Amino acid sequence: MSTAAAFKALARDTCGQLLSLSGLTAPAARLGQRLSIVTFHRVLTEPQRQRYPLPGLAVTPDELDAHLKFLTRHFQCLSLNTALDRWEQDRTAGLPLLAITFDDGQLDNYQNALPVLEWNGVTASFYVPSLVLENTAPLWHDAMAAAVAWLTDPSSGQSMPLDPSRRAEAGELLAGLQPGGEHQRLAGHTAVEAALEVTKQWSPSQREAWLLRAEGVLPRTVRPGWDGFMNVQQMKDLVARGHEIGSHSHSHALLPQCTDDELRAEIAGSKQRLEAALGAPVTTFCYPNGSTDPRSMAQVREAGYRAAVTTQWGSNAWADDHYRLQRFNMNAKHAQDRQGRFSEARLAWRMSGLHPGLTGARRDPCSGTPA
Ligand SMILES: [Zn+2]
């Protein structure tokens, strides 16, 4: 770490501690009567995270536990559906309300997050793209991230070496992903994250064509056993234990790129499919990548959902639009002090609304939240 970076980290830790000691960032002072929602994606053990091309989207079970220990001391932690019920009934009773959400329906949520949630005595919402009920291939952003990770660093995957005759084509695939324009300015993004941002500007068919070509070029990679989705039985088990399954669209499509018919299939269609599979109502929606527009928000309302979450950083007042609820994306590194230890002061500061730079301008690779 350079001297300047070390000084910045020290200043950040000191500032967080002082704000915490002063009580200025205390959740009760900053977030009372508001609805806060935190977002997690993957919950992976450290060796698993090292094999995952988007490590910023993963926390370890220990990191999740540290977050929950802090959150349960300062908030009533619930699934979004239950938190909305309480928020409706009485916004002044008890600790501030906080909903815990997990995006993408990954198997690790069931295997690694559920035990941690249970020993902390909290329930959560799990947002599942309904496509995974019938097709367990990786979601497009994960498939692209794995391919880009291999192209940028072939030693990163657990795969066979590239056939020399395919090298030129592999180079062409990578060249098409070079960040330009505003994406170049997303400081702190890894090469994989920056490339993924580029592909989000493409049409769905462009992404599909790139992936198809990559599949033909790259050597076969063995998908690790932990890298899959929850099955229907596991989702039903979550519901039986008091957790919520919500819709994360059908195919994790970027909704503003969809036609009206496609939007119906993604929004109303995913609700029907999940409800039929689970035999339980699906009442809240999560916009993939946080991408919304007036058409998609109108369809979410028409489809009968009671609320929907975005990836805009922040908490919510009752008077805010319930179809555009803001969330706090949890990134393990952003809740650590300069020694790499979990820092309650730092997390409280980030959630307090007093932290500079958390304006929603920066986006994370899956969900578009400020980094
Ligand atoms: Zn997602």
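What the table shows:
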| item | result |
| --- | --- |
| Residues (β-branched (Val, Ile, Thr) and exposed (fewer than 14 other Cβ atoms within 10 Å of the Cβ)) located in region 258-276 | Thr259 |
| Of residues in region 240-257 being outside any helix (DSSP H, G or I) and more than 15 Å from the ligand (Cβ to nearest atom), the one surrounded by the fewest Cβ atoms within 10 Å (Cβ to Cβ) | Arg241 |
| Meets criteria (among the hydrophobic types (A, V, I, L, M, F, W, C) and buried (at least 19 other Cβ atoms within 10 Å of the Cβ)) for Ala58 | yes |
| Filter result (surrounded by 11 or more Cβ atoms within 10 Å (Cβ to Cβ) and free of Cβ contacts under 8 Å to residues at least 12 places away in the same chain) within region 1-22 | Phe7, Lys8, Ala11, Thr14, Leu18 |
| Residue check for Leu64: under 14 Å from the mean Cα position of the chain (by Cα), assigned by TED's automatic domain parsing to the domain that holds Thr284 and away from the ligand (no atom under 16 Å from the Cβ) | yes |
| Odd one out for Asp90, checked against (1) at pLDDT 95 or above; (2) of a type in the set (D, E, K, R); (3) away from the ligand (no atom under 16 Å from the Cβ) | (1) |
| Residue that is within 16 Å of the ligand (Cβ to nearest atom), of a type outside the set (A, V, I, L, M, F, W, C) and under 22 Å from Arg327 (Cβ atoms), where the choices are Thr72, Thr39 | Thr39 |
| Index of the failed condition, Thr82 passing every other in (1) over 12 Å from Val122 (Cβ atoms); (2) modelled with pLDDT of 95 or more | (1) |
| Restricting region 89-100 to residues that are surrounded by fewer than 24 Cβ atoms within 10 Å (Cβ to Cβ) and out of contact with any Pro (no Cβ under 7 Å at 6 or more places or on another chain), the residue that is nearest to Thr60 (Cα to Cα) | Leu95 |
| Matching entry among Arg241, Arg264, Arg207 (being farther than 22 Å from Arg49 by Cβ, of a type in the set (D, E, K, R) and not assigned by TED's automatic domain parsing to the domain that holds Leu325) | Arg207 |
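The values are calculated or read from the model by the stated rules, or taken from the named source; none is laboratory data. Predicted model, so just to flag it, every value in this text is computed and none were measured. When we count neighbours, we look across all protein chains shown, and the Cβ atoms used for this are built from the backbone with ideal geometry, even at glycine.
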